[in-house]
1. Compute the longest continuous run of the chain that contains no exposed GluC sites (Glu not before Pro); treat a site as exposed when its DSSP state is not H, G, I, E or B and it has at most 11 other Cβ atoms within 10 Å.
2. For segment 89-185, what is the Kirkwood estimate of the hydrodynamic radius, computed as the reciprocal of the mean inverse distance between distinct Cα atoms, to one decimal in Å?
3. Per residue, how big is the convex hull around the C-alpha atoms of segment 137-204? Give it to me in cubic angstrom, could you?
4. Please report, in debye to the nearest 20, how large the charge dipole of the chain is about its Cα centre when each Lys and Arg carries +1 at its beta carbon and each Asp and Glu carries -1 there.
5. Restricting the count to DSSP beta bridges whose residues both fall in the chain, what percent are antiparallel, rounded to a multiple of 5?
6. If you find the alpha carbon centre of segment 165-204 and of segment 116-141, how far apart are they in angstrom?
7. Sort the following peptides by mean Cβ neighbour count (other Cβ atoms within 10 Å, averaged over residues), highest first: 152-159, 94-101, 44-51.
8. Work from the charge dipole of the chain (Cβ charges, +1 for Lys and Arg, -1 for Asp and Glu, about the Cα centre) and give the residue of Ala13, Leu129, Tyr150 farthest towards its positive end.
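Bear in mind that the values in this text are calculations on the coordinates, not laboratory data. Every value quoted in this text rests on a predicted model; they were computed, and no experiment measured them. Don't worry about glycine lacking a Cβ; one is built from the backbone with ideal geometry, like all the others, and counts go over all protein chains shown.
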Amino acid sequence: MSNIVLHKHDIPASLDLGPVVAVDTETMGLKIHRDELCVVQLSAGDGTAHIIQLDRSTYHAPNLKNLLTDRSILKIFHYARFDIAVLMHYLEVYTAPVYCTKIASKLTRTSTDLHGLKELCRTLLGIELTKEQQVSDWGAPELSPAQLNYAANDVLHLHALKEKLDALLERENRMHLAQACYSFLPSRAELDLLMFDDPDIFSH
């Protein structure tokens, strides 16, 4: 049974989530420069999800920013490229070090093109997630119970997925490639914010 803790604007300075923290974001849409960051979710992998409803007028969240930039804490994301860019744009932080379950999946599960969080949870953990609230109004003054549950599920399973994917990376001798990709992600996010994603500077 999971536990959900809602925080307004920031996490408490005393909150210790350990050396590995799952992180996700909720925005008003997928255009980073237009669609504001509304919510950040965190989990230590202990069955508790901390949901931070940010103050969009200031984005004042010093404790959250300290966690994201703390080099002693590994941050697990699913599709880190987007989340890191959003956090960079709105919170003005360079999130590192990071781990991305989508990249790990693409490097190991090469027999499929299904690498979404819902598919990974179903295939690797036997857990069925619902994505009904994905396009809901995350800028609402009060989040609904359904939104809170959705947001929580986006971080509650990332530690377990990392464990499964790390075993696959080791088995396929691709851990070094994954680590190189993770290290590059903050720079990739910065390139995206500077509009070097279209056309991609790595394309022909």
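1. Working: sites that count: Glu92, Glu128, Glu132, Glu142.
With a cap of 11 other Cβ atoms within 10 Å, the longest stretch comes to 1-91.
2. Values: mean 1/r = 0.0662 Å⁻¹.
The answer is 15.1 Å.
3. Numbers: hull volume 10.1 nm³, N = 68.
About 149 Å³ per residue, rounded to a whole number.
4. Numbers: 19 positive and 27 negative charges, 88 e Å.
So the dipole magnitude of the chain works out to roughly 420 debye.
5. Details: 12 of 24 bridges.
Given both bridge residues lie in the chain, the antiparallel proportion sits at roughly 50 percent.
6. 23
7. Details: 152-159: 23.6, 94-101: 21.0, 44-51: 18.2.
The densest-packed peptide leads the list: 152-159, 94-101, 44-51.
8. Leu129
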